[in-house]
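First up is the structure itself, then whatever we jot down about it.
Nothing in this text is a laboratory measurement; each read-out follows from the coordinates by a stated rule. Just so it is clear, the model here is predicted, and its values are computed rather than measured. Positions of Cβ are generated from backbone atoms using ideal geometry, with glycine treated the same way; all protein chains shown enter the neighbour counts.
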Amino acid sequence: MTDLVRVAADRVITAAGLVHHGWVRVAGDRIVTVGTDDGSSGVADPADEQTCWFPGSTIVPGFVDVHCHGGGGAEFGSGDEQTALAVAAHRRAGTTSLLASLPTLSADRLGTVLDALAPWVQSGELAGLHLEGPWLSSTFAGAHDRALLRPPVRDEVDSVLDAGRGTIRMVTVAPEVLTTQSRLVTRPEPLTAVTVPSGAATSAKMSPPRWFMCG
């Protein structure tokens, strides 16, 4: 039995724009071709593929959510059952890549939660972890517990990286809380982004980001 499947619909949204009467060819868990029924794509139809037709529908790229604390009434960081419910809720809604965001937590609690969520990233269920705290300004705490906000110090950063086991993809940090001793990354890590929240930081404080080191 072939693993080629052509999923067809009235409309397909691609990087180039809207395609009418289009289709997406999938092999296993990978998209291999996008085409149209008028033959303008120049791609021959394999004789052994299956076709699924969804009239009146639109095929869109999967959503990528890089700041999300949960879903479906469940919260990341509250145990495997809650994580499974949150992931499933996003999958049903079309999210294909998802970062689990964590609010400000105590040092001990943060380490425990990171250790519990790391396997979800390693298995591919989550695309990574996002730390929205604790390295934020108490002046602009928002929903975060002001008593737990703190500047990053080397020992805690190393402990956080150890607990995350290479799964932390994004960190939100307020530059105004950083000191000359602050280091977000002190060794090679697969961090994708460091984001800056609304706050009191000046452009001089943010550029150049000497406090960010990535090997």
For Thr112 and Phe63, what is the calculated FRET efficiency with R₀ set at 30 Å and r taken between the beta-carbons, to the nearest 0.05?
0.55
Work out from phi, with θ = phi - 60° and the Karplus expression 6.51 cos²θ - 1.76 cosθ + 1.60, the ³J(HN,Hα) of each residue of segment 104-121, listed in order in whole Hz, and give x for Gly and Pro.
5, 10, 5, 4, 5, 5, 4, x, 5, 5, 4, 4, 6, 8, 3, x, 5, 6
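Can you tell me the order of 27-33, 3-9 when each peptide is scored by its average per-residue count of other Cβ atoms within 10 angstrom, highest first? Could you put the intermediate results ahead of the total?
Numbers: 27-33: 10.6, 3-9: 17.1.
Put in order of decreasing packing, that is 3-9, 27-33.
Would you order Asp65, Asp162 from fewest to most other beta-carbon atoms within 10 Å of each residue's own beta-carbon? Kindly include the intermediate steps, with their values, before the conclusion.
On the way: Asp65 18, Asp162 12.
So the residues, fewest neighbours to most, are Asp162, Asp65.
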Net charge within 10 Å of Ala127 by Cβ-Cβ distance, Lys/Arg positive one each and Asp/Glu negative one each, not counting Ala127 itself?
-1
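Quick check on packing: order 106-116, 48-58 by the mean number of other C-beta atoms within 10 Å, highest mean leading.
On the way: 106-116: 16.1, 48-58: 11.0.
Most protected by this proxy first, the peptides run 106-116, 48-58.
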